[in-house]
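Structure first, commentary second.
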Amino acid sequence: MSVEVYYDDDADLGLIQAKKVAVIGYGSQGHAHALSLRDSGVDVVIGLPEGSKSRPKAEEQGLRVLTPAEAAAEADVIMILAPDTAQRHIYAESIAPNLSAGKALFFGHGFNIRYGLIKPPAGVDVAMVAPKGPGHLVRRQYVDGKGVPCLVAVEQDGSGDAFALALSYAKGIGGTRAGAIKTTFTEETETDLFGEQAVLCGGAAALVQTGFEVLTEAGYAPEVAYFECLHELKLIVDLMYEGGIARMRYSVSDTAEYGDLSRGPRVIDGRVKEEMRKILGEIQNGEFAREWVAEDEAGRPNYNKWRSEGAAHPIEETGAKLRGMMSWVDRPITETA
Ligand SMILES: NC(=O)C1=CN([C@@H]2O[C@H](COP(=O)(O)OP(=O)(O)OC[C@H]3O[C@@H](n4cnc5c(N)ncnc54)[C@H](OP(=O)(O)O)[C@@H]3O)[C@@H](O)[C@H]2O)C=CC1
Ligand SMILES: CC[C@](O)(C(C)=O)C(=O)O
Ligand SMILES: [Mg+2]
Ligand SMILES: [Mg+2]
């Protein structure tokens, strides 16, 4: 492998144990980082606004909760795990006045640094510890004595020891048990955005909805279309996850494999690849970031409209009915633990 990977033996947990860490935000990533750091012997405080609905959750877990400004003032290391669109406001209002040389500002995703929305002062360590998985998996793996691989990057090395501190933090959340890969803010941000837009979230959701539409518009039962286009996708992705595309092809029938090999490239063809390249270009030249920040500032009109349209897609009603028949898969969309 050409990347540098660091494991538990390469990281000194004592570095982060010697610091006070403020975790700003207590959602998917925030709760996982805070609880695992605490269980690793780190002094952790949570920063949340007075009215935040996350406050009772953090307090129930025995964590001390302050406002973001109070937490940032107390801490040596400030990890921002609030929504990307809120981070620049939190930084300006609560963190910047409490950030001085010698402190460290950490991120779980590089968006705000990569696009210049947050500009920390000189002398501050600016680093990223980005687990490559949802926060609830990060916490579950830590509790099970394992870890989710993470990306570690340093944008600004004020102390001269920022990378070692970031690795130490990664160890505190279980990341170096699996392996911490050294990267840059630019690489993490651009690949993360591309992955979620073109493949993992955007690409996969559009593929599933379109396949469902083609079958139901041709007169097939929505229930049967749901199984074929959504439900079984997990079974196929699990095989890929375990052993790559080759493992999936080994496991499915030869009829399915021939259909995959001969028809797949017709679905995801040169036009789709060209569109993916355009999407990557918009990420690289900042167009996506400008659009998303403007959308957020305008009150998210398109986001809300597209979200409602997605929720009203016939596949959701069919899915809700069918999942009701399968107790092991019926989870409310807002359930997080
Ligand atoms: N979701 C994931 O698994 C991954 C996320 N990331 C990155 O991690 C970061 C956090 O994302 P994620 O965990 O999904 O976020 P969530 O939406 O799950 O949680 C956000 C948290 O921030 C709190 N919050 C909202 N506004 C403020 C504020 N003004 N001040 C302080 N806290 C605030 C929310 O509180 P309230 O309950 O009151 O809304 C909530 O506790 C992002 O940078 C994201 O890109 C990286 C890898 C994976
Ligand atoms: C795939 C979505 C993600 O990038 C993630 C969980 O890694 C995110 O931003 O939530
Ligand atoms: Mg991601
Ligand atoms: Mg992401």
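Take the residues of the stretch 159-183 that are free of Cβ contacts under 8 Å to residues at least 60 places away in the same chain and not in a helix (DSSP H, G or I): which is surrounded by the most Cβ atoms within 10 Å (Cβ to Cβ)?
If we take residues in the stretch 159-183 being free of Cβ contacts under 8 Å to residues at least 60 places away in the same chain and not in a helix (DSSP H, G or I), then Ser159 is surrounded by the most Cβ atoms within 10 Å (Cβ to Cβ).
Results for (1) assigned to a helix (DSSP H, G or I); (2) more than 16 Å from ligand 2 (Cβ to nearest atom); (3) not acidic (Asp, Glu), shown as yes or no for each residue.
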position: Val3; (1), (2), (3): no, yes, yes
position: Asp9; (1), (2), (3): yes, yes, no
position: Ala22; (1), (2), (3): no, yes, yes
position: Val45; (1), (2), (3): no, yes, yes
position: Ala58; (1), (2), (3): yes, yes, yes
position: Val65; (1), (2), (3): no, yes, yes
position: Ala71; (1), (2), (3): yes, yes, yes
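Asn98 fails exactly one of the following numbered conditions: (1) surrounded by 22 or more Cβ atoms within 10 Å (Cβ to Cβ); (2) within 24 Å of Leu66 (Cβ to Cβ). What is the number of that condition?
In the conditions (1) surrounded by 22 or more Cβ atoms within 10 Å (Cβ to Cβ); (2) within 24 Å of Leu66 (Cβ to Cβ), Asn98 misses (1) alone.
Select from the stretch 73-96 the residues that are free of Cβ contacts under 8 Å to residues at least 24 places away in the same chain and not in a helix (DSSP H, G or I) and list them in ascending order.
Within the stretch 73-96, no residue meets the criteria.
Residue check: is Ala198 touching a residue at least 24 places away in the same chain (Cβ under 8 Å), away from ligand 1 (no atom under 12 Å from the Cβ), under 22 Å from Val23 (Cβ atoms) and out of contact with any Leu (no Cβ under 7 Å at 6 or more places or on another chain)?
no
If only one of Val208, Val214, Val199 is out of contact with any Pro (no Cβ under 7 Å at 6 or more places or on another chain) and within 15 Å of ligand 4 (Cβ to nearest atom), which one is it?
Testing whether each residue is out of contact with any Pro (no Cβ under 7 Å at 6 or more places or on another chain) and within 15 Å of ligand 4 (Cβ to nearest atom) leaves just Val199.
Regarding the stretch 228-250, can at least one residue be identified that is within 29 Å of the chain's Cα centre (by Cα) and under 19 Å from Ala312 (Cβ atoms)?
Yes, that holds for at least one residue.
Read-outs throughout are calculated quantities, based only on the coordinates presented, and are distinct from any laboratory measurement. This one's a predicted model, so the numbers in the text were calculated from it and none came from an experiment. Note that each Cβ is placed from the backbone with ideal geometry, even for glycine, and that neighbours are counted across all protein chains shown.
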